[in-house]
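Encoded as structure tokens, the structure appears first; notes follow it.
The values are calculated or read from the model by the stated rules, or taken from the named source; none is laboratory data. The shown structure was predicted, so the numbers you read here are calculated from the model rather than taken from an experiment. Positions of Cβ are backbone-derived with ideal geometry, glycine not excepted, and every protein chain shown enters the neighbour counts. Surface areas here come from the heavy atoms of the whole protein model, side chains and all, with no ligands, DNA or RNA. Shrake-Rupley method; radii C 1.70, N 1.55, O 1.52, S 1.80 Å.
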Amino acid sequence: MERSRVTGEAPTGTRILLASLSAMVAESVTFPIDLTKTRMQLHGSGSAACAHRIGAIGVVSEIARKEGVIGLYKGLSPAIIRHMFYTPIRIIGYENLKGFIVRSEGESLPLATKALVGGISGVIAQVVASPADLVKVRMQADGRLVSQGLKPRYSGPVEAFTKILQSEGVKGLWKGVLPNIQRAFLVNMGELACYNHAKHFVIEKNISEDNIYAHTLASIMSGLASTTLSCPADVVKTRMMNQGEKVVYKNSYECLVKTVRFEGVRALWKGFFPTWARLGPWQFVFWVSYEKFRQLAGLSSF
């Protein structure tokens, strides 16, 4: 049986620090894949005329050829800033909510309950981190302007934040927040619940001890689950957040309808393999790092 996590044994500040460090490592390692996914999702946005397909390898080649290797890291700084808020809130929120529900040592929560707790934690975290996510998406999308010989909208995250605030107001920083939290709910429902459940399944069935092998298996399964659930919401979120003063979609529903109308249902899973290719390694690096850091700090495993 899955043993209870008594969060009082682990200082919240320590867990926040460890989650932040692990997220920074994972984000830095996998960021080029995230950039590829974003460019693929934006490709063909808004019209049938430019909706021809382009694969992940083609996107990477185009970025490297026109923007150089450094172009693969366009938007890394706001991505790291985002994860300094987003990841600790969702991870520690999940643990604390689980600890609140679990009343006795050795009690195991149903997968559906874990999924709900994970989704709620993700929503709270995403609302807080949405401005940084917006800046990240805008800066990633700017790379396409540079590749076309045009001037990018923003020279850095500070200017991006300032210009968005000036031209679109405070509400503009939360543009796309609805599809954002929809995606966050689905991602964390898949990731946190699946990782937690899969890891303990692997351990309980004596497939592996609580080590890097168990963490790898659990991260692969959680990556696939979270990608499948969240990809449509991720496409809508990316397109909504990339809008500047020129509005293409009034709301997430219109974005969903137009995407399907002009590009077909399959367009909702644009960037699926880059997303999975990123979530898999991201979750592997994050969970292995986080579990190791917790072990070094003398804390129980996740």
The stretch 122-151 - residue that is over 14 Å from ARG39 (Cα atoms) and of a type in the set (D, E, K, R) and, of those, farthest from the chain's Cα centre (by Cα):
LYS151
Which residues, taken from the stretch 195-209, are farther than 16 Å from SER108 by Cβ and either touching a residue at least 60 places away in the same chain (Cβ under 8 Å) or open to solvent by 70 Å² or more (accessible area, probe 1.4 Å) (or both)?
ASN206, ILE207, GLU209
Which numbered condition trips up LEU150, out of (1) in a helix (DSSP H, G or I); (2) surrounded by fewer than 18 Cβ atoms within 10 Å (Cβ to Cβ)?
(1)
Quick one: what pairs do we get from the stretch 151-167, first residue more than 10 Å from VAL135 (Cβ to Cβ), second part of a helix (DSSP H, G or I) and open to solvent by 70 Å² or more (accessible area, probe 1.4 Å), C-beta under 8 Å, 6+ apart or different chains?
ARG153/LYS163
Across the stretch 253-300, what is the total count of residues that are open to solvent by 30 Å² or more (accessible area, probe 1.4 Å), farther than 16 Å from LYS199 by Cβ and outside any helix (DSSP H, G or I)?
3
Set LEU256, LEU299, LEU279: member being among the aliphatic types (A, V, I, L, M) and in contact with a Gly (Cβ under 6 Å, 6 or more places away or on another chain)
LEU279
With the structure loaded, tell me whether LYS163 is of a type in the set (D, E, K, R), part of a helix (DSSP H, G or I) and open to solvent by 60 Å² or more (accessible area, probe 1.4 Å) or whether it fails that test.
yes
Unmet criterion (only one of (1) at pLDDT below 90; (2) of a type outside the set (Phe, Trp, Tyr); (3) open to solvent by 20 Å² or more (accessible area, probe 1.4 Å); (4) within 23 Å of ALA23 (Cβ to Cβ)) for ASP133
(3)
Any idea which residue in the stretch 248-302 is modelled with the highest pLDDT, counting only those that are small (Gly, Ala, Ser) and farther than 19 Å from GLU95 by Cα?
GLY264
